[in-house]
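Trainee: Okay, handing you the structure first.
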């Protein structure tokens, strides 16, 4: 399958990945044949990128870090929790805890797979996809840093709920009063839950702080920050680069990774960034790329140790003849070939 901009999608093509709503329900299933109406509707609900099946890429599979079943479960329980917060009701922490346990089981099984944040975002589900992505990335970073099972669980719950303060109507991130910022409100909400460790609340509190003291809401410096907050700051920054929830601006994964590396040591914790770079796919499978030899192809395979040197499949059509070849950029035969551009 190919990962393409919606403007490139044509009626009659087949959807390559399921699209979910905010509560985990299926909006469009993988394999459905797209119509003009469907494509128009996808644009209207904010979809900009999606996966399309391609006959020359039928054998290419994107390995999910977390199963669709567990993604749906996490999004559903998170949605129920946020709705309770909005209405001022008590929320069930046990359901969140169980959902995170299942997510972590998937992460542990697939920890050697490079993470691809491939869920299709809509205006309706972007908050939930963001929380899920930050949770998964943070868990991987924590595992890579040698955390215990208990620590990874605390970190993951905090990461999933890092933006819970945005739900409250009294939150105002533009206010000069730091106690009205969503990080502070999230901390107040979570610390009242005795079922949760206080460190989970501190993730919400610290995920916009920075080692150089320039963060918010308290301008804490490196030695004052907990490792959980440092890790979630990296994951949160990366996912917001991929898709800015305010402007809708998208940054390509390799560009976002360059930004993350540039922020290491000042705005982001250097050790957390190093471990992050070992978990994420720089050129996700399905991406169309132009190589330095001017050939155009699609990324079809990854190398965990060399995320910048994937396998690229080039399909050429000459008259009636179609030729297919694969270029493994990690192979010694192709050391002078590199990805020149990602085509969107």
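The values are calculated or read from the model by the stated rules, or taken from the named source; none is laboratory data. Predicted model, so just to flag it, every value in this text is computed and none were measured. With ideal geometry, Cβ positions are generated from the backbone for all residues, glycine too; neighbour counts draw on all protein chains shown.
Trainee: Please count how many residues of the stretch 212-241 are without any contact (Cβ under 8 Å) to a residue 60 or more places away in the chain, assigned to a helix (DSSP H, G or I) and closer than 14 Å to residue 264 by Cα.
Mentor: The total comes to 4.
Trainee: Just the residues that are surrounded by 15 or more Cβ atoms within 10 Å (Cβ to Cβ) and without any contact (Cβ under 8 Å) to a residue 24 or more places away in the chain, please, taken from the stretch 242-258.
Mentor: If the condition is that a residue be surrounded by 15 or more Cβ atoms within 10 Å (Cβ to Cβ) and without any contact (Cβ under 8 Å) to a residue 24 or more places away in the chain, then 251, 256 are the ones that fit.
Trainee: So, one more: Before we move on, is residue 52 more than 22 Å from the chain's Cα centre (by Cα), surrounded by 15 or more Cβ atoms within 10 Å (Cβ to Cβ) and without any contact (Cβ under 8 Å) to a residue 60 or more places away in the chain?
Mentor: It is false that residue 52 is more than 22 Å from the chain's Cα centre (by Cα), surrounded by 15 or more Cβ atoms within 10 Å (Cβ to Cβ) and without any contact (Cβ under 8 Å) to a residue 60 or more places away in the chain.
Trainee: Since residue 329 meets every condition but one in (1) at pLDDT 95 or above; (2) surrounded by fewer than 18 Cβ atoms within 10 Å (Cβ to Cβ); (3) not assigned by TED's automatic domain parsing to the domain that holds residue 142, which condition does it not meet?
Mentor: Status for residue 329: all satisfied but (2).
Trainee: Restricting attention to the stretch 50-65, and to residues there that are closer than 22 Å to residue 250 by Cβ and out of contact with any strand residue (DSSP E or B) (no Cβ under 6 Å at 6 or more places or on another chain), which single residue is modelled with the lowest pLDDT?
Mentor: 62
Trainee: Now a separate question. Assess whether residue 141 counts as being assigned to a helix (DSSP H, G or I) and in contact with a helix residue (DSSP H, G or I) (Cβ under 7 Å, 6 or more places away or on another chain).
Mentor: Answer is yes for this residue.
Trainee: Right, another one. For the stretch 286-299, enumerate the residues that are outside any loop (DSSP other than H, G, I, E, B) and surrounded by fewer than 22 Cβ atoms within 10 Å (Cβ to Cβ).
Mentor: Selection gives 288, 289, 290, 291, 296.
Trainee: List pairs: first in the stretch 78-103 and assigned by TED's automatic domain parsing to the domain that holds residue 188, second in a helix (DSSP H, G or I) and surrounded by fewer than 17 Cβ atoms within 10 Å (Cβ to Cβ), Cβ under 6 Å, 6+ apart or cross-chain?
Mentor: Here the result reads 91/84, each pair linking the stretch 78-103 to a residue that is in a helix (DSSP H, G or I) and surrounded by fewer than 17 Cβ atoms within 10 Å (Cβ to Cβ).
Trainee: Within the stretch 148-169, track down each residue that is assigned to a loop (DSSP other than H, G, I, E, B) and surrounded by fewer than 19 Cβ atoms within 10 Å (Cβ to Cβ).
Mentor: Of everything in the stretch 148-169, those that are assigned to a loop (DSSP other than H, G, I, E, B) and surrounded by fewer than 19 Cβ atoms within 10 Å (Cβ to Cβ) turn out to be 148, 168, 169.
Trainee: Would you pick out the residues in the stretch 212-241 that are in contact with a strand residue (DSSP E or B) (Cβ under 8 Å, 6 or more places away or on another chain) and crowded, with 18+ Cβ neighbours inside 10 Å?
Mentor: Answer for the stretch 212-241, where residues must be in contact with a strand residue (DSSP E or B) (Cβ under 8 Å, 6 or more places away or on another chain) and crowded, with 18+ Cβ neighbours inside 10 Å: 230, 233, 234, 237, 238.
Trainee: Next question. Within the stretch 9-25, restricting attention to residues that are touching a residue at least 40 places away in the same chain (Cβ under 8 Å) and touching a strand residue (DSSP E or B) at 6+ places or on another chain (Cβ under 9 Å), which residue is surrounded by the most Cβ atoms within 10 Å (Cβ to Cβ)?
Mentor: Ranking the candidates gives 20 first.
Trainee: In a helix (DSSP H, G or I), at pLDDT 95 or above and surrounded by fewer than 22 Cβ atoms within 10 Å (Cβ to Cβ): is that true of residue 199 in this structure?
Mentor: Yes: the conditions hold for residue 199.
Trainee: Looking only at the stretch 55-72, filter to residues that are more than 15 Å from residue 27 (Cα to Cα) and in contact with a helix residue (DSSP H, G or I) (Cβ under 7 Å, 6 or more places away or on another chain); which one of those is surrounded by the fewest Cβ atoms within 10 Å (Cβ to Cβ)?
Mentor: This residue is 67.
Trainee: Now, a different point. What is the one condition in (1) farther than 25 Å from residue 64 by Cβ; (2) out of contact with any strand residue (DSSP E or B) (no Cβ under 8 Å at 6 or more places or on another chain); (3) not assigned by TED's automatic domain parsing to the domain that holds residue 153 that residue 306 does not satisfy?
Mentor: (1)
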